[in-house]
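Values quoted throughout were computed directly from the atomic coordinates according to the rules given, and no laboratory measurement underlies them. As the structure is a computational prediction, the values presented were derived from the model and not from experiment. Note that each Cβ is placed from the backbone with ideal geometry, even for glycine, and that neighbours are counted across all protein chains shown.
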Amino acid sequence: MIPDKVPKEDVFLGSGDWRKDAHVPSFEAYKELYLKSIEHPDEFWGDVAKDFFWKSKHTGRVLDYNFDVTKGEIFIKCMEGASTNICYNVLDHNVHHRKLGDKVAFYWEGNEPGDQLTVTYRDLLLRVCRFANVLKAQGVKKGDRVSIYMPMVVELVVAMLACVRIGAVHSIVFAGFSAESLCERILDSQCSLLITADGFYRGDKLINLKLIADDALQKCRDKGFPLQRCIMLKHLSKEVDQDQTPMGSQSPPAKRPCPDLQVPWNPDVDLCWHSLVDGASDECEPVWCDSEDPLFILYTSGSTGKPKGVLHTLSGYMLYTATTFKLVFDYQPADVYWCTADIGWITGHSYITYGPLANGATSVLFEGLPTYPDVSRMWEIVDKYQVSKFYTAPTAIRLLMKYGAEPVHKFKRDSLKVLGTVGEPINPEAWQWYYTVVGEKRCPIVDTFWQTETGGHVMTPLPAATPMKPGSATFPFFGVVPAILNESGEELEGPSEGYLVFKQPWPGVMRTLYGNHQRFETTYFKKFPGYYVTGDGCRRDEDGYYWITGRIDDMLNVSGHLLSTAEVESALVEHEAVVEAAVVGRPHPVKGESLYCFVTLCDGIKYNRTLEAQLKQQVREKIGAIATPDYIQNAPGLPKTRSGKIMRRVLRKIAHGERDLGDVSTLADSSVIEQLFQSRCCTAE
Ligand code: WTA
């Protein structure tokens, strides 16, 4: 499956002395280890496990599973019977055993240049213990779910690790989601506590987070789920940073006037983070958990419109994120690593918190935006902290590309060694710009394909081993066995294109959908029994390289964020003027895809700008700003089959302005097509 030889022409390797000392220094070394990982997974992962602390040894196999629905219930277990604690492994073990107490865990860089904090492993451990004691005092116990809705601050990492320390399960909701989305997630996971902050700035824009959180809690109450406690961090309204004393901070966050900050306070429910932490003890014995106990829930879009609560468990996720981080970025102790994702998404969970901390790495934790206060910000930060490994999304690269090379050249970037991308296919033009302008042809690019469900990278180059082809995620990571299937479920050999599936589990794969194992089996394992179905299309070229071609289900990828068409459609039809809605993706030069919505209005209602603005607002309120439609088109009729199914394929072509519609013989009424072409939206509002 892995080719014997990789091509020498038309590929890129990067350069630099560091390559010969890399963990996986050549393609031969990769192939050898890969074979071991799939032929003897117990041995392979058993070796990895030796680097971690286990309170007691596993009793089951290192990796045990059933991946075939026709043979019974799907399950995956890793190191079953062992007891451990991830928080202990990423903090105590690093401080006490690896002697990394004084090493910097995070350089926090705020939205405003000049806002910064330095947090060592020892500081972080102390803060986590205190906050874990706070959670315990609030009655949070092993297995309880805690919802976290916070900006990119150190306390977000503290909150998540404090949950893990006491065996509670965190459910982080990205701070760009709406009150409705937060409420839906709190209800689904039946959380017993919410942790949030007063507010934060994204660039120039103030987000009144507590206001939104309160709205969500009111919605929960209305639905019969009164959440009793909400802990609020004062991020913007903090007078003195009381929490900083033991932190060795370089400078307190600069004050920025925020007269519009609104911090509603409900004394029956709200608790102040700072007052609680002030009196808390610095010591907190971790709760030892079983390998297969739940670690966290993270919601991701589902094609039915209802978000899916992806559940990850302890040991497998720990081994997998630690190993992928170490090998894919070729992590070395002197590195300064920076992943620009938000912790509210899986990339931040795996590659800001767990993977880097498990390796004792030093990371940059950035609160701001790539374009604020100007478009050089990223490169300024790279130089400021001497970042050596840098991980971002194609959408950010495309955005910065628009401003040319000058803002990049203002800074040296000579510390950079490896660049990475994640979230969506990277187009070769953006790849070349990243490689040439940002990395000056020195730095390999690891184009990492993975999903919330996979826990960590599954298809990716290794920086010193894999010759790269711009736009290809290249080959599988250790333990991962990909295949390409046709519509009938047959495995295709050689150059081919079809459904990307995986044939056996790896330690980091999700275990279930929270509270709905049946949906888990139906979504991922029923279409092609014996395989995990990713939902992505994939092509394999004549050299055996894999190229992800994008989603082939009803999911859209806007700026690297997955959205389900059904979810946006249901937000639109909730408006009283709309009877029917159909949403498709339209290619977008920066965001990858943009949302193009067709709406059919109730009889007698006229489409106008006010209605359009209302509909956009409606979607923002129901889902969040990331789902704001780019285009809304009034569609008196939608193209449907005779059985009434909306033909999205045709709508996609209309949105794109493509006249060649292919076979439309099943269309019930072809006159709607011309009408829709006539009234197409050509430019985004
Ligand atoms: C897409 C993000 C191409 C893909 C980690 C996948 C990619 C979805 C890549 C998961 C990549 C992610 N090349 N496509 N390197 N990385 N994707 O769950 O469609 O937010 O199924 O996880 O993003 O998105 P999710």
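For the peptides 670-676, 170-176, residues were scored by their other Cβ atoms within 10 Å and the scores averaged per peptide; the highest-first order is 170-176, 670-676.
Normalising by residue count, the chain has a Cα convex hull of 162 Å³ per residue.
Rg/Rh for the range 114-238 stands at 0.97; both radii use Cα atoms, and Rh follows the Kirkwood definition. Average 1/r across all pairs of distinct alpha carbons in the range 532-577, invert it, and you get the Kirkwood radius: 12.8 Å. Note on the range 293-447: the alpha carbon radius of gyration divided by the globular reference 2.2 N^0.38 Å gives 1.08. Among the listed pairs K526/K645; K306/K527; K103/K591; K591/K622, a Cα-Cα separation exceeding 26 Å is found for K103/K591. For a Förster distance of 22 Å, can you work out the FRET efficiency between the beta-carbons of D278 and D102, rounded to the nearest 0.05? Working from the Cβ atoms, E equals 0.30.
Here the 3J(HN,Hα) profile of the range 531-538, calculated from phi with Karplus coefficients 6.51, -1.76 and 1.60 at θ = phi - 60°, is 10, 8, 9, 7, x, 10, x, 7 Hz, Gly and Pro shown as x.
3J(HN,Hα) couplings calculated from phi for the range 310-326 with the Karplus curve 6.51 cos²θ - 1.76 cosθ + 1.60 (θ = phi - 60°) are, in sequence order, 5, 10, 10, 10, 5, 5, x, 5, 5, 4, 6, 5, 5, 6, 5, 4, 5 Hz; Gly and Pro show x.
Here the Karplus relation 6.51 cos²θ - 1.76 cosθ + 1.60, evaluated at θ = phi - 60°, turns the backbone of the range 205-216 into coupling constants of 8, 7, 10, 7, 5, 5, 4, 5, 4, 5, 4, 4 Hz, with x for every Gly and Pro.
Working note: Debye formula, equal point scatterers on the alpha-carbon atoms of the range 447-592, no solvent; log10 I(q)/I(0) at q = 0.11, 0.19, 0.20 Å⁻¹ is -0.49, -1.27, -1.36. Peptides 99-107, 157-165, ordered by how many other C-beta atoms sit within 10 Å of their residues on average, highest first, read 157-165, 99-107. Fraction of C-alpha pairs exceeding 18 angstrom in the range 592-685: 49 percent, rounded to a whole number. In this structure the amide hydrogen of G420, modeled in the peptide plane, comes within under 5 Å of the amide hydrogens of F390, Y391, T392, V446, none closer than 5 places in sequence on its chain.
Calculated mean residue ellipticity at 222 nm for the chain: -7500 deg cm²/dmol, from DSSP H runs with n ≥ 4 weighted as -39500 (n - 2.57), summed, divided by the residue count and rounded to 500. You can think of it this way: the chain between S488 and T600 has 36.8 nm of extra reach, that is 0.36 nm per residue less the Cα-Cα gap. Compactness check for the range 1-134: Cα Rg over 2.2 N^0.38 Å is 1.49. A Förster distance of 35 Å, applied to the separation of the beta-carbon atoms of K142 and D42, puts the FRET efficiency at 0.80. Legend: Rg and Dmax of the range 497-656, from Cα coordinates, 18.2, 59 Å.
Using the average count of surrounding beta-carbon atoms within 10 Å as a protection proxy, the listed peptides 11-23, 109-121, 454-466 rank, highest first, as 454-466, 109-121, 11-23. Distances between placed amide hydrogens fall under 5 Å for I195 paired with S147, I148, Y149, I231, all partners being 5 or more residues away or on another chain. Can you tell me what percent of all Cα-Cα pairs in the range 140-204 are more than 20 Å apart? Percentage above 20 Å: 26. Largest first, the extents of the alpha carbon coordinates of the range 101-142 on the three principal axes equal 39, 25, 13 Å.
Label-to-label distance for Y372 and Q675 is 4.4 nm, based on points extended 7 Å past Cα in the beta-carbon direction.
Translational diffusion of the range 522-606, estimated by Stokes-Einstein from the Kirkwood radius over alpha carbon pairs at 10 °C in a medium of 1.306 mPa s, is 104 µm² per second. When both the range 425-462 and the range 357-386 are represented by their alpha-carbon centers, they are found 18 Å apart. Placing a label point 7 Å from the Cα of E73 along the Cα-to-Cβ direction, the residues of the range 282-296 with a backbone N closer than 16 Å are 292-294.
Maximal additional length on extending the K503-K526 stretch stands at 7.0 nm, based on 0.36 nm per residue less the C-alpha distance. Segment L33..A668, full-extension length gain: 223.0 nm, with 0.36 nm per residue of separation and the alpha-carbon distance subtracted.
Taking a straight Cα-Cα cut-off under 28 Å and skipping sequence neighbours fewer than 8 places away in the same chain, the lysines within cross-link reach of K5 are K20, K31, K36, K326, K389, K417, K441, K469, K503. A simple spin-label model places pseudo-atoms 7 Å from Cα toward Cβ; at Q386 and C258 they are separated by 3.3 nm.
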